[in-house]
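S.K.: Right, I'll just put the structure down here and ask away after.
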Amino acid sequence: MDRLLDPSFVLGHMNYWLFVVLMMTGLYIVVARGNLLKKIVGLNIFQAAVFMLYISAGKVRGGTAPILTDNPGEAYSNPLPHVLILTAIVVGIATTALGLALTTRINEVYGTIEEDEILEIDHQETEREVAAILATSAQDSANA
Amino acid sequence: MLEGIVQNAPLLAIMLPLIAAPVAVLFGNKSVAFYISGATLVLSFALCVYMALLVSDGSILSYHIGGWAPPIGIEYRIDAANAMVMIIVSAMGALVLPYARASIEKEISPGHHTMFYACYMLCFTGLMGVAATGDAFNVFVFLEISSLSTYVLVAMGARQDKRALSAAYDYLILGTVGATFFVIGLGFLYIATGTLNMVDLADKLANSPDNKTIRAGFALIVIGMGLKLALFPLHRWLPGAYSYAPSAVSAFLASTATKVALYVVIRFTFSVYDASSGFERTTLEYIILPLAITAMFTASAVAIFQMNVKKLLAYSSVSQIGYMLLGLTYLNQTGVAASFIHMFNHAMTKGALFMAVGMVVWRTGSALLPSFAGIGRTMPWTAAAIVVAGLSLIGVPATAGFVSKWVLMAGAFERGWWPVSFAIVGSSVLAVIYVWRLVEVMYFQEPKATTKDPVREAPLAMLVPTWILILAIVWFGIAANAPVELARIAADGLLAGGFDNGQTVILGIPGR
Amino acid sequence: MAKPDTKDERPISPTGRKLTVLEQPVVINRMIIGLALFCALLFLADLAHIRHGKFAVEDLIGFYGFYGFAAFAFIIFATKALRAVIGRDEDYYGDRVVDAEDYPPTELELKEFSDD
Amino acid sequence: MIEFLTALLETPVLWFLLGAIVLPFIPAGTGRGLLTLVVPIISAWVIWTAPQGLGGAASLAGLDLTLMRVDKLSIVFGLIFSLAAFLAAIYAWHLRDTVQQVATLLYAGTAIGAVFAGDLLTLFIYWEGTALASVFLIWARGTEGAFHTGMRYLIIQIGSGVILIAGVALHYTQTGSIEFTSFTGEGPHSWGVGTWLILLAFGIKCAFPLLHNWLQDSYPAATVTGTVVLSAFTTKMAVYCLARGFAGTEFLIYVGAIMTLFPIFLAEIENDLRRVLSYSLNNQLGFMVVGVGVGTELALNGTAAHAFCHILYKSLLFMSVGAVLHRTGTSKASELGGLYRTMPLTMVFCIIGAASISAFPLFSGFVSKSLILSATADNQYPIVWAALVFASAGVLSHSGIKIPYFTFFAHDSGKRPAEAPTHMLIAMGLTAFACVFIGVFPQTLYALLPYSVDYVPYTWAHVLEQMQLLVFALLAFALLMKYGFFPEEKRGINLDTDWSYRKMLPAIVGFSCQVIGAVWSELMRGSHAAKNAILDLLSGYYGPQGRAAQVQSTGLMVLWLAILLGTALVLNLVILPS
């Protein structure tokens, strides 16, 4: 515990604190917000946190961008996380795009993008189906 | 030519559908798209069978992408475990495709058919890639390829039922959060070891002292994947997605998607980490085991009361996933083999069931229980298929389901966990009830008189793939040796610490 | 179980002598094959006419055959498990019980077979 | 007293009583044997010539008794009981035991008396009579084990009688009548406690599930001849009473279906062949109870016909196993095998009995069981029907195959017993003939049945169905046997409900009685609503609208994800030491 009070430890792990804060922010939005669009925004923040985690882990102190220079002694950051995150960003964009498209379709069909209202509509639909089945089966047994 | 194909089998099996997908879209004709995807999927299946034969003696195929040797290059690494998963995926992919062609005629608007085939192939690529790759980050990428196309496929059910849209949206949010957890776990591993190649990871983890980064990574990976495989309290996306998706999509996803996610968990637990002791073991015994058993009962109980047959089957899937996870937690050869055999058998069983139910939907327009009334008379082959697959779901002897439950029980006894066998039997009794509900409606109720056309047997294009699966269920229920053997080899390989045992055959362009 | 003496010279009845062929493995196999053929015949006989049973399942071809086969097999497998659970030694309830004691021979006419 | 005697004069029971009184004064041997043969013949003649309607009126303490109520239902049971007594007498020709012979006559007489009883008090008297007379057939074995078994048997049988008289008394106070007619009325919800008690008493003697175990406990403990006698009367008397009193009570269908099912499994693993037959008896009773529950004319005909055939073939099976016991001293499957070498005739008769109980076409079981099965199917009880067909395959497994196979074939036990004595062979031969005769000429049996019969058992479809069921099951047997899946016969017993009062009860008597009593009264208070409440509760939680199945907001699901992850992390990082 005393380590957490040590300012050099706290500041030295700045990137991780940032990651944790961003991640929790994103996750909180996904959990707490009912608006489908806001959920997607939350998801984006959440993913951005992960990107930060990777990129910052690849940073080498005093290193430059990983581009070949004439200086053989040049220190540069680890390029692999950048590449990985490039892929992850593409995935994130695709997810966002798809999520937005789905939200649009939901808005067309349901007439709302508030989750509780959509749930209520779904719920009523199921209720209607079940009630119809129960009614016919009750009728059948009455006939028999 | 042939030499080239054989040398590049692991790559071709995955990349052919990936390349074919945009090609199909470019042609823009649904028939062309169907034939292109048919050709690629069948070829992919053939390559998988070929690779399975190669690895069935315990050896390992290692394919170096672009000739770059691992750990720097990306590697596809195939042993008995992935071969089995790839066979499941490619066989189901090839079988569902002709079924889908007939099925989507009624379920998806004609303009989207080409897109359907493209998404189907992308989903297939993703699942195959996850199974084949030996690179941890690659797993994530392929997983997202399959997931993104799955969301689209599920949403295509909106023409039938608008709830497909909200189901797809839910799946998207949850799937993304799960995958992101998984990626965070990978990040921790990368920070701790500096590598992402699974063999290299396993090596470095074995030689590094226990630390909290590695532990947290494990929890993130297992729970993140737990969502994708519908681990019990994280299963809520599954019933909606499977019941409102088009029938063909339900059949394909139910038999493959969760299995592949389960494979990833098994791979990371046994190959990358060493599950035989320590915190991995504790996580399995204190978190996964109770959840698996709860799933077996709660999900079955929910299935009993469902009015929508697709939903019933979906909840049954959740409970069956409990069985697979259960085998995993035994941490012995029989248990892990049981997981694999059940994966295999349940893929056939649930695939056949969803396909048969899809045929009823095709004829009656609804998956609700009343539309099954009397189909024992009007659709005898479909009804018989449901009965046989239902028996397999229960685990009746002479069906595939019996074999896996038998091995699962044997594993429990071997582990000394005999009370678990009561859970297996008890949950099977619940399965008897929900299957019986179907049988009762199909055979002992009179067909409902409808104003529409009289209900007839489904077209052959749907019936034949279903019955191929039914025959396979019976075949593998009687001649169970082949899958059991392969599963045992896979389990041996996994329990021996993963990737490093066995003779390695290197494929691909050598050099560099 | 007492191992039978292969050189058993004790007399047996003429009818019994004729029936000993039934113990030859070849004959047993032939009987099983014959039985299987008979099953096939019965199955095919089902195709010969269209039945209208009281339940739809009865109309499935070979339903009774498969049901009989499955029921029998199920019973055997289930009982094997059942025995493991409820099987006990003969003297489980003590040695003064019918199962553990011999039948008193006074009332019986225990007799070996003889030729005359 | 005089009134009673004159009333008895009209009944066949009189002759059994006279026979039982005279018998001890005749020297053991041919004379006695003839007496035991003649009495059932006279009885059958009395029954055959008796005028239909009520007779044998007497009164006791102001209650009017009817000792002889003759109608077609009682005639068919009276005749088969007489026939069974006759065949058992031939089988027991060698017997020199006065006690057993007297007991047999009294037992058969009281059972026949119960069948013709027109009122509940008379029924009760004969009801207890069968219990008292029959227990001597168990005690006659003369071992300590048999004595204990007999005591258990007696307690339960007498207990059934006590419950019956309590029920009769309540019934009388409620209705003012002791006439023995149908109690069914408007169904179980209209019954008083008295009616329930009467049903319970019948149920005990009919070996209802969980009340059944006295049967399997006691019958294998009786003497060689005693078991043959026991198998015929008590349970069929109870079936008759159910058919008379509770025909058309729907839940009996399910009780019967369960009765056909559970003994199959227990019979299959039982080593003592006479106990196997006792379980099989229980299973056959199930078919009859189903017939009673369906309660249509066809079903009641089926019950009567099945009781008739069943007494014959079950006697035949008990006779053949008894003959083996008589010659070898054991009836345990693990000790037997290969006896066809020296007992070929017994083997043939045993196989005829096995074929009859398995209901092969041309044997008696086929023409009687099909009445019940089609009654079930006619009234659309799919589950029950499926259970009965399943049970039919099960009958083949334990009675049709296990009995003859493990006795006369299977592994040679090395035993070379002599063929059964001549009188036993005659008894078995006559019984076997009756089984085949009824199977070939069913109309002769159908003519005796309570209602007119227009049922044709030998249709192409029906024969084919039955042959398929049986022959495929035989094939399953052959294959399982060949590949070693068949459970081997080994010495040992199996637990049944008697465990509860032979092991558990002695251990926890006393204190626990109070606990059980308290719980029971609590349960009874809410029993009407309990079933529905439980179902509602379950579907409320698991149903399509229930909490376990409801679609939830993604937020909640993500929260679950986070909770699970948190648990895993806490477990791994905090709880587990590094």
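The values are calculated or read from the model by the stated rules, or taken from the named source; none is laboratory data. Note that this is a predicted model, so its numbers are computed, not measured. Here the Cβ positions follow ideal geometry from the backbone for every residue, glycine too, while neighbour counts run over all protein chains shown. The protein model used for the area step is the full one, side chains on, heavy atoms only, and it has no ligands, DNA or RNA in it. Shrake-Rupley method; radii C 1.70, N 1.55, O 1.52, S 1.80 Å.
S.K.: Can you tell me the FRET efficiency between A:ILE55 and B:TRP417 if r is taken as the Cβ-Cβ distance and R0 is 41 Å, rounded to the nearest 0.05?
M.R.: That pair, A:ILE55 with B:TRP417, gives E of 0.35.
S.K.: Across peptide B:373-386, how many C-beta atoms of other chains are within 10 Å of each residue C-beta, on average? Could you put the intermediate results ahead of the total?
M.R.: Working: counts 2, 1, 1, 5, 4, 1, 0, 5, 0, 0, 3, 2, 0, 0.
For this peptide, the per-residue mean of nearby foreign Cβ atoms is 2.
S.K.: How big is the gap, in Å, between the Cα center of segment B:129-161 and the Cα center of segment D:443-483?
M.R.: Centre-to-centre distance over Cα atoms comes out at 57 Å.
S.K.: Antiparallel DSSP bridges in chain B: what percent, to the nearest 5?
M.R.: The answer is about 65 percent antiparallel.
S.K.: Then there's this: Protein chains only, probe 1.4 Å: how do B:ILE87, D:ILE21 rank by accessible area, largest first?
M.R.: Result of the area sort, largest leading: D:ILE21, B:ILE87.
S.K.: Testing the spin-label approximation: label points 7 Å from Cα along Cα→Cβ at B:ILE5 and A:THR104. State their distance in nm.
M.R.: With each label placed 7 Å out from Cα toward Cβ, I get 4.2 nm.
S.K.: Explain nothing, just compute: Karplus ³J(HN,Hα) = 6.51 cos²θ - 1.76 cosθ + 1.60, θ = phi - 60°, for every residue of segment A:15-30 in order, whole Hz, x for Gly and Pro.
M.R.: Karplus-based 3J(HN,Hα) across segment A:15-30 equals 4, 6, 4, 4, 4, 5, 4, 4, 4, 5, 4, x, 5, 4, 5, 4 Hz.
S.K.: Shielding of D:479-487 by partners, i.e. mean partner chain Cβ atoms within 10 Å per residue?
M.R.: Other-chain Cβ atoms within 10 Å of each residue's Cβ, averaged: 4.
S.K.: Name the long-range amide H neighbours of C:SER13: under 5 Å, sequence gap of 5 or more, or other chain; modelled H, no Pro or chain starts.
M.R.: Answer set, sorted by chain and number: D:THR342.
S.K.: Give the calculated FRET efficiency between D:THR49 and D:SER452 to the nearest 0.05, with a Förster radius of 30 Å applied to their Cβ-Cβ distance.
M.R.: Values: r = 22 Å, r/R0 = 0.73.
Efficiency, from the Cβ-Cβ distance: 0.85.
S.K.: By how many degrees, between 0 and 90 and to the nearest 10, does the Cα long axis of helix B:136-155 differ from the longest principal axis of chain B?
M.R.: 10
S.K.: Amide H of D:ALA57: which non-local residues (sequence gap of 5 or more, or other chain) have their own amide H closer than 5 Å, using H built in the peptide plane?
M.R.: D:LEU67
S.K.: If you don't mind, another one. Sort B:GLU144, D:GLU10 from largest to smallest accessible area, using a 1.4 Å probe on the heavy atoms of the protein chains.
M.R.: D:GLU10, B:GLU144
S.K.: Still on this structure, I have one more. Counting only the heavy atoms of the protein chains, how much of A:HIS123 is accessible to a 1.4 Å probe, in Å² to the nearest 10?
M.R.: The accessible area comes out at roughly 60 Å².
S.K.: Listed highest first by mean packing, meaning other Cβ atoms within 10 Å per residue, what order do D:453-463, D:157-167 come in?
M.R.: Those peptides, ordered most packed to least, come out D:157-167, D:453-463.
S.K.: Which of the three applies to chain C, rounded, prolate or oblate, going by the alpha-carbon gyration tensor with a ≥ b ≥ c and a/c under 1.5 meaning rounded?
M.R.: Oblate shape, in that a/c is at least 1.5 and b/c is the bigger or equal ratio.
S.K.: Rounded, prolate or oblate, given the Cα gyration tensor of segment D:311-516, with a/c below 1.5 counting as rounded?
M.R.: oblate
S.K.: Expected output is a single nm value to one decimal: the length gained when fully extending between D:PHE433 and D:VAL570, i.e. 0.36 nm times separation in residues minus the C-alpha distance. What is it?
M.R.: 41.4 nm
S.K.: Shifting gears a bit: For the ranges B:424-432, B:183-191, what's the packing order if you count other beta-carbon atoms within 10 Å of each residue, average per peptide, and put the highest first?
M.R.: Numbers: B:424-432: 18.0, B:183-191: 24.2.
The most tightly packed comes first, giving B:183-191, B:424-432.
S.K.: Say R0 is 35 Å: what FRET efficiency, to the nearest 0.05, do C:VAL26 and B:GLU485 get from their beta-carbon distance?
M.R.: After rounding to 0.05, the efficiency reads 0.60.
S.K.: Okay, next question. Show A:ILE113, D:ILE41 ordered by accessible area, largest first, where the area counts protein heavy atoms only and the probe is 1.4 Å.
M.R.: D:ILE41, A:ILE113
S.K.: Still on this structure, please answer the following. Let me test this: with uniform point scatterers at the alpha carbons of chain D, what is the Debye-based log₁₀ I(q)/I(0) at q = 0.07, 0.08, 0.09 1/Å?
M.R.: With no solvent term, the Cα-only Debye profile gives -0.45, -0.57, -0.70.
S.K.: Using only the Cα atoms of chain A, each taken as one equal point scatterer with no solvent, compute I(q) by the Debye sum, divide by I(0), and report log10 of the ratio at q = 0.10, 0.15 Å⁻¹.
M.R.: -0.61, -0.93
S.K.: Need the C-alpha centroid separation for segment D:94-169 versus segment B:331-388, integer Å.
M.R.: 56
S.K.: Using θ = phi - 60° and the Karplus curve 6.51 cos²θ - 1.76 cosθ + 1.60, what whole-Hz ³J(HN,Hα) does each residue of segment B:424-435 get, with Gly and Pro shown as x?
M.R.: These are the phi-based 3J(HN,Hα) values: 5, 5, x, 5, 5, 5, 4, 4, 4, 5, 6, 5 Hz.
S.K.: Next question. Two-decimal Rg/Rh of chain B from alpha-carbon positions, Kirkwood Rh?
M.R.: Looking at chain B, the ratio lands at 0.96.
S.K.: Other chains' Cβ within 10 Å of B:219-226 residues: what's the mean?
M.R.: Partner-chain Cβ atoms within 10 Å, mean over residues of B:219-226: 4.
S.K.: If you don't mind, there's one more thing I want to ask. Just to be sure I understand the model, the point goes 7 Å from the Cα along the line to the Cβ. What's the resulting C:LEU47 to B:TRP68 distance in nm?
M.R.: With each label placed 7 Å out from Cα toward Cβ, I get 6.2 nm.
S.K.: Oh, and also: Between helix C:25-47 and chain C, what is the angle of the helix's C-alpha long axis to the longest principal axis, kept within 0 to 90° and rounded to the nearest 10?
M.R.: The angle comes out near 30 degrees.
S.K.: Just order B:481-488, B:390-397 by mean Cβ neighbour count inside 10 Å, highest at the front, would you?
M.R.: Result, highest mean first: B:390-397, B:481-488.
S.K.: Quick one: which residues, 5+ away or cross-chain, put their amide H under 5 Å from the amide H of D:ILE493? H built at 1.01 Å from N.
M.R.: C:ARG88, C:ASP89, C:GLU90
S.K.: Now for a separate question. Which ³J(HN,Hα) values in Hz, rounded to whole numbers, follow from the phi angles of segment D:397-414 under the Karplus curve 6.51 cos²θ - 1.76 cosθ + 1.60, where θ = phi - 60° and Gly and Pro get x?
M.R.: Couplings: 5, 9, 8, x, 10, 4, 4, x, 5, 6, 7, 9, 10, 6, 6, 5, 7, x Hz.
S.K.: Continuing with the same structure: On C-alpha positions alone, give me the angle between the axis of helix D:120-139 and the longest principal axis of chain D, in degrees, nearest 10.
M.R.: Helix D:120-139 sits at roughly 90 degrees to that axis.
S.K.: For the pair D:TYR172 and B:THR282, how long in nm is the line joining their label points, each one 7 Å along Cα→Cβ?
M.R.: Reported label-point gap for D:TYR172 and B:THR282 is 7.5 nm.
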